[in-house]
Amino acid sequence: MSGTAFRFGAERSYPLPHAGPDARLTESLVNSVAAVLVGYGYPRIDSSADRAALESALTAFLYNPMENHT
């Protein structure tokens, strides 16, 4: 899907090819995204289940699933 045309002919930069663990996807990044959400008026992410869901959503946005690269 990376680089494919989307609405209005715009090229997408995401998702990235998934080649395994990425050192940039850290707890600090998840905390930063959570802080941005709070800054926009969304509730704080206090539970570990919500934090895991946010990390999962970021992973889904950032990377192609591994099964697409066979």
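The values are calculated or read from the model by the stated rules, or taken from the named source; none is laboratory data. Note that the coordinates shown come from a computational prediction; the quantities given were computed from them, not determined experimentally. Reconstructed Cβ throughout: ideal geometry from the backbone, glycine too, with neighbour counts over all protein chains shown.
Just one of the numbered conditions (1) within 12 Å of the chain's Cα centre (by Cα); (2) assigned to a loop (DSSP other than H, G, I, E, B); (3) modelled with pLDDT of 90 or more is not true of L58; which one?
Here L58 clears every test but (2).
Quick test for you: out of A52, A23, pick the one residue that is at pLDDT 90 or above and not in a helix (DSSP H, G or I).
So the residue among A52, A23 that is at pLDDT 90 or above and not in a helix (DSSP H, G or I) is A23.
Residue check, R7 against (1) modelled with pLDDT of 95 or more; (2) surrounded by fewer than 12 Cβ atoms within 10 Å (Cβ to Cβ), all met but one. Which one?
Every listed condition holds for R7 apart from (1).
Please determine, by comparing only the residues of region 30-55 that are among the charged types (D, E, K, R) and within 16 Å of the chain's Cα centre (by Cα), which one is surrounded by the most Cβ atoms within 10 Å (Cβ to Cβ). Before the answer, list the steps.
Of the residues in region 30-55, the ones among the charged types (D, E, K, R) are 44, 46, 50-51, 55.
Filter once more, keeping what is within 16 Å of the chain's Cα centre (by Cα): 50-51, 55.
Details: D50: 13, R51: 15, E55: 17.
Ranking the qualifying residues of region 30-55, first place goes to E55.
Which of the residues spanning region 31-59 are among the aliphatic types (A, V, I, L, M) and in contact (Cβ under 8 Å) with a residue 24 or more places away in the chain?
If the condition is that a residue be among the aliphatic types (A, V, I, L, M) and in contact (Cβ under 8 Å) with a residue 24 or more places away in the chain, then V33, L54, L58 are the ones that fit.
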